[in-house]
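Just below is one structure, and these are the notes that go with it.
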Amino acid sequence: MEVTASLKHIRVTPRKAMLVADLVRGKGINEALAILKFSRRKRVAAYISGVLKSAVANADHKGKIDVDTLYIKRLEIGKGPTLKRFRPRAMGRAFKINKKTSHIFVSLAER
């Protein structure tokens, strides 16, 4: 049986989030949470660990799944909408700033 959870519109670029997602993809839940706890990119790791904990809570709520045997079957980082901002520059010009967002999708399964 498969359990999913998602988090959308987080203010982290997808490229940075993919670096952390590659560390834990395919691992068991306890091992993945330990890796994320000591990850150097703490802000992204906190978001991903929150989604993992949410997926585990979803599995526990269903009741038919043994939580200790779960592993990360699918962990996808998607591109969200971009916030477009402008910064004033010299001689009346403007400089465009793109603030990118991400979507995180997690799917857990039993071994």
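Observations on the structure shown:
- When the test is whether a residue is within 16 Å of the chain's Cα centre (by Cα), among the small types (Gly, Ala, Ser), at pLDDT 95 or above and surrounded by fewer than 16 Cβ atoms within 10 Å (Cβ to Cβ), SER6 passes it.
- Residue within region 60-70 that is surrounded by 11 or more Cβ atoms within 10 Å (Cβ to Cβ), within 17 Å of the chain's Cα centre (by Cα) and more than 18 Å from THR13 (Cβ to Cβ) present: no
- Conditions (1) under 22 Å from HIS9 (Cβ atoms); (2) crowded, with 16+ Cβ neighbours inside 10 Å: number failed by ALA57: (2)
The values are calculated or read from the model by the stated rules, or taken from the named source; none is laboratory data. Just so we're clear, the structure is a prediction, and the values are computed from it rather than from any experiment. Note: ideal-geometry Cβ built from the backbone for every residue, glycine included; neighbour counts use all protein chains shown.
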